[in-house]
Each structure stands twice: as structure tokens, then as C-alpha cells.
1. Using Cα-only point scatterers and the Debye equation, what is log10 of I(q)/I(0) for segment 148-231 at each q in 0.27 Å⁻¹, rounded to two decimals?
2. Specify the inter-centroid distance of segment 264-332 and segment 114-168, based on alpha-carbon positions, in whole Å.
3. Please arrange LEU9, LEU231 by counting, for each residue, the other beta carbons lying within 10 Å of its beta carbon, fewest first.
4. Among ASN350, ASN249, ASN108, determine the one that fluctuates most according to a GNM of the chain built with springs between C-alpha atoms less than 10 Å apart.
5. How many nm separate the modelled label positions at LEU31 and LEU169, each set 7 Å beyond the Cα in the direction of the Cβ?
6. Summing -39500 (n - 2.57) over the DSSP H runs of n ≥ 4 in the chain and dividing by its residue number, what mean residue ellipticity at 222 nm do you reach, to the nearest 500 deg cm²/dmol?
7. Mind jotting down the three principal axis lengths of the chain based on Cα atoms? Whole angstrom, largest first.
8. Pick from TYR349, TYR44, TYR77: which residue has the top mean-square fluctuation in a GNM of the chain where Cα pairs under 10 Å get a spring?
Amino acid sequence: MNFFIERFLGGKQGAVAIGILALLILVIFPLALDLFRLNLVGKYLTFAFAAVGLVLLWGYGGILSLGQGVFFGLGGYAMAMFLKLEASDPESTAIQTTPGIPDFMDWNQLYELPWFWVPFESFTFTLLAILVLPALFAYIIGVAMFKRRVGGVYFAIITQVIAVILTVLIVGQQGFTGGINGITDLRTLNGWDIRTDSAKYILYFINALLLLAVIMISRFVLTSKFGRLLLAMKDKEDRVRFSGYDVSNFKIFIFCLSAVISAIGGAMFTLQVGFMSPSLLGVVPSIEMVIFAAVGGRMSLIGVVYGTLLINFGKTGFSETFPELWLFFMGGLFIAVVMFFPNGLAGIYNKYVSKLAFLQRYLPAIKLPKSKADTQSNASSSASTSDNAAEGAKS
């Protein structure tokens, strides 16, 4: 039990933080919100997967990717292809020129299902594709970039360009991908109607539980030997390399893991919302995902979930209340967070807890444990701690 608490939850304080988050998304939101609002929260939580991936990649690995939307979209399109094929059975598409293929293919005068769509008739293959395809794509990019020691702003620009290229490719191949409209009119999952109210509730809880599981797995990675090396590599890459480790392999692995986590979010987005569009894998959503991580705290797995919820609630609230000015309000929110709270919501929390430390002078019985996230954040800003992390991991 202690092993699980320490490695998967981040200690007692981490267990409390995950417990509070679980209480919020599994109990409070379902009881307090109507189905429409709860479905919106479910959509927001799918974006939190990408934000959690950025904590691993950017917060701890020091690798800023402006193309996380690519992997989010790959997972979403893989799930959408399966759902679209299930909705395009010969009986449902009998009025088409070619029954049994998606409607947008028939509109674009295709007369048979493209070869790369055929495997997605299998749900098992689809689940594997959601995990394997983003990881494979990330591996190819990672080997091409990290083996040549391309990093920093150059890597960020390259990932942004990849997002642009993929968006243009999907929009341009309308007959194969649905084009600018994306893949829509998704109805059932293995015969289960995902449009009903009960299905939406079930999908919300599945989505929330998957997010909590991903957070715990990410915490396990960060508390392992690999996590210590990742933290050391962020500040003193050469030190880790000279200690005998292949830094590029570490970067490739964390990039692939981040891609898989984002793809899971994309697949859940398709199920939660009922469509997938190229607008969700371009430059704008990728930058928004970075903003989610920055607002929540790029060193906090829990904080980025709150950051994602805050930003998306802000977008919804401002757009409903101030339809002509909401973009200015959102821009002001981003600027304020960067200027006054550079460590995001997690930084505010840590600062608040540390300021209460003076109470121990008067109430010695009160114990205010220092969070592991705060400890690791301080470690990342200290070169000497990075050296110790590298030496400790090697030993």
C-alpha cells in the first residue's frame, strides 16, 4: 500500500490532491450540473489529457511541443473512423450511389472503401491504433530530431509546422477524411447508442476515470529512476550525457508517452462530443493546450487539470456573456497569469501553503508537509540538485 501511495499518488499529500480532484469530477460536477453542462465538462477533461502529457514533456523534460494537437487528433480520428464505419452499414446508406461507405466518400464519387479504412472495421484494431499510431508517429519525429540534437525553439517550430501540414493534408483529402467538416454523424459504439442521455453520463465517468488513471501512471513515471534522470536532463543535459546515458532515447520515450496520453484524450473527445474535425489538431488548439499547462502549472499533474477547466469555463462563460469581447477577456487572463503567476495555479497553492508556515511557531502540532511537486520544482531550478539527481540515478 505504501508503494502505491508513494509511487502512484505522490505520497500522502499527493493522495489528498488526487482525492479532491476525484471528488470534484466524479461526485460534485455530476450532482451539481445538468447533462448539457456536464457534457461540456467532459469535453474539457479530454483536453486535460494533452495538458498532462505536456507536464511530462515540457514541465519535466524541458521539451516544448507546439504540436500536441496532432496526437490528440490522431487518436480522435482513429476512433471516429471506427464509429463512422459502424454508422455506414449498407442498410443505413441504401440511398447512396455506393452503399456501405461513409457519406462524404459517396459525395466525392468514391466507389469503394479506401484500403487504410478497412482495418478500422475492427474495434480491437481501433483501440490498438489509438495507442500505436501516435506513438509511432512521435517516434519517427523524435528520432529525426533528438538524434540530431534538435531542441528548444527549433523543435517547437518544427512541431508547429507538422501540425499545419497535417491539417492541410486532412482538409485537402476531403474524399478520404471528410475535409474541413471532419467526420460527423457518429451514432453507435458496437451497437451501443452513444447519443442517449445515459450513454453521455457513462462516457463522462469513463473519461474522468481514465484521466485519473493517466495522472497516476504519469506520477509513477516521474517518481521512478527515469523521472529523476528526466529532471536532471532538463537543467544539465550534458551532465547526464557525460554520466553515460543516451539523452536522446529519454527524450524520444517521453515524447512518445506524451503523444499516447494526448491521443487517448482525442479518442474520448470523439466519443464525448460525437465528431472529429481538423480544427482540433492544428496550431491553435496545440497552443491552447500549452496555455492549459501554463495556467495550471507545468510542473503539476493535478494543477493542469484545474488550469484546463478554468480556461475552458472562462471561454464558455465569456463567450456567452460578452460575445463580442470574450477574446479580449481571455487574452487578458492569459497575460495576467504569465505576468503575476508564472508557476500557474499550482504555484499559487504552493506559495499559499508556504506562507502559512509561520503558524507552526504558535501551533507546533500543525504539520504542513511540503509537496513533492514543489520539491521537484525547486530541484529543477537548482543546478546542484540536478547534478545530485543524475548521480543518484546512476548509482
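What follows is calculated from the coordinates using simple rules that are stated; it is not laboratory data. Keep in mind that what you see is a predicted model, and the values were worked out from it rather than measured. Reconstructed Cβ throughout: ideal geometry from the backbone, glycine too, with neighbour counts over all protein chains shown.
1. Each listed q corresponds, in turn, to -1.10.
2. Here the answer is 22 Å between Cα centres.
3. Values: LEU9 21, LEU231 25.
The most exposed by this proxy come first: LEU9, LEU231.
4. The residue with the greatest mean-square fluctuation here is ASN108.
5. 4.8 nm
6. Helices in the chain give a 222 nm mean residue ellipticity of -22000 deg cm²/dmol.
7. 78, 50, 46
8. Fluctuation is largest for TYR349.
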